[in-house]
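The values are calculated or read from the model by the stated rules, or taken from the named source; none is laboratory data. This one's a predicted model, so the numbers in the text were calculated from it and none came from an experiment. Every residue, glycine as well, gets a Cβ built from its backbone with ideal geometry; the counts of neighbours run over all protein chains shown. Ligands, DNA and RNA are excluded from the accessible area calculation, which covers all protein heavy atoms including side chains. Shrake-Rupley method; radii C 1.70, N 1.55, O 1.52, S 1.80 Å.
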Amino acid sequence: DVQVLCEQVDLKRLSEALSPEAIPIGGLASAQLRLTGTVQQPEVTGTAQVREGVVDRIPITDLKAELSYRDGVLDIGQIEASIGGSVASASGMWSEEKIGADFRLEGADLSVLSAYLPPEVAPSGSFRAAGSVYGHPERWGLKLQASAENGTLAGLSVDRGELRAELSEGVWKGDLSLVRDQDVLSASLHSLDTNERLVNATIDVRLPLDD
């Protein structure tokens, strides 16, 4: 057995070396690892920590995770991190051909989503979310369910909001429902290109009509 201590590992360079087109990540990590097996078939177990990092455009702090690697598959279990002032939990796996993860977030600040939106649309308030990441490291997708209460969107107060969405090949599709003073606004998002901020979007909106 070999014990290894890694400090100040650049996650951006590591991610680009493993898969240049994968989900962009950044930050500095440290890890305590145990190596077993053979040179041809190594096995690794251990823990990792990231004090300040980023996944895509979402800042993450105080991340802790349990790791294991065997037969070309990296399993990441019992992940805990702080996102938008809330604790997130997740677990997942990563290989050259496949990625998968499930995550849950409670009571996070909606401002963490501002990186995806223009300033005039940026929301405020808190939200909870759950979802999964799936697919190939270079062609990944995401399914998301989220809800929020007592927030604002585009400067308008919102009592409650619910979102069901899926990201596939860089395009979002889904349904959004907002409740304000017992009135309901619902919208279907047919396509939203996330390579730029709110471009090439097709949205159907249904507003309540006064009697």
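Helix-only estimate, please: 222 nm mean residue ellipticity of the chain, summing -39500 (n - 2.57) across DSSP H runs of length 4 or more and dividing by its residues, to the nearest 500.
Value at 222 nm, helices only, nearest 500: -1000 deg cm²/dmol.
So how far apart, in nm, are the two label points at E96 and H136 if each is 7 Å from Cα heading toward Cβ?
For the pair E96/H136, the computed spacing is 1.4 nm.
How far apart, in nm, are the 7 Å Cα→Cβ label points at L35 and E52?
3.1
Given a cut-off of under 8 Å on Cα pairs at least six residues apart, what relative contact order in percent is computed for the stretch 113-158?
For the stretch 113-158, the relative contact order is 40 percent.
Taking only protein heavy atoms and a 1.4 Å probe, what accessible area per residue, in Å², does the chain have with all protein chains in place?
64
Taking the convex hull of the Cα atoms, report for the stretch 51-183 its projected area averaged over all directions, in nm².
The orientation-averaged projected area of the Cα hull of the stretch 51-183 comes to 8.3 nm².
Rounded to the nearest 10 Å², what accessible area does I25 have for a 1.4 Å probe in the complete protein model?
Number for this one is 50 Å².
Going 7 Å from the Cα of D75 toward and past its Cβ, which residues in the stretch 127-150 have a backbone nitrogen under 19 Å from where you end up?
Only 133-135 pass the distance filter.
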